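Accompanying notes for the structure given below.
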Amino acid sequence: MHWKIFTDAGSPEKAKRIVSIAIEKLSVSATELKIEPYHKGGFVCSFVAPTKATSWAEVVLEALQAAQLVGRGWLLNGDISGELDLWSNESSIVGVKNVNLFVDACA
């Protein structure tokens with residue numbers, strides 16, 4: 001699962017604290033953590049979280065359950081048979097403006 005957390009943080013350190021809260025809420029071990037300035041302000045924090053699921057249907061369910069932990073009002077994009085691309089402007093974490101979750105069936 002590929003996560004992008006868009007923050008309104010004024011520094012990379014603050015963004016790291018915010019994304020740490022998200023990772024803790026998700027109860028995942030995040031890899032490939034990157035914190036980069038976002039061209040519209042703040043910072044975007046991206047990371048990969050492993051899935052425990054073995055079938056695509058289980059992966060989708062696990063991703064939806066995880067998404068509910070950090071936001072609501074999710075927009076579903078893409079072809080669900082091969083990818084899950086979710087977007088929320090309604091994060092439950094203070095300091096987070098938007099959240100994107102992408103999962104590819106081939107990954």
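When the residues of region 33-59 are filtered to those that are within 23 Å of Gly82 (Cα to Cα) and charged (D, E, K, R), the one that is modelled with the highest pLDDT is Glu58. For the criterion of being in contact (Cβ under 8 Å) with a residue 12 or more places away in the chain, farther than 22 Å from Glu83 by Cα, β-branched (Val, Ile, Thr) and not in a helix (DSSP H, G or I), Ile5 fails. Counting only strands (runs of 3 or more DSSP E) wholly contained in region 18-107, the ones carrying 2 or more residues that are of a type in the set (Phe, Trp, Tyr) occupy 43-48. Of all residues in region 65-82, those satisfying the criterion of being surrounded by 15 or more Cβ atoms within 10 Å (Cβ to Cβ) and more than 18 Å from Ala15 (Cα to Cα) are Ala66, Ala67, Trp74. Of all residues in region 33-56, those satisfying the criterion of being of a type in the set (D, E, K, R) and exposed (fewer than 11 other Cβ atoms within 10 Å of the Cβ) are Lys40, Lys52. In the condition set (1) of a type in the set (A, V, I, L, M, F, W, C); (2) surrounded by 13 or more Cβ atoms within 10 Å (Cβ to Cβ); (3) over 13 Å from Ile5 (Cα atoms), Cys106 is compliant with all but (2).
The values are calculated or read from the model by the stated rules, or taken from the named source; none is laboratory data. Being a predicted model, the structure only gives us computed values, none of them experimental. Glycine also receives a Cβ, built like all others from the backbone with ideal geometry; neighbour counts cover every protein chain displayed.
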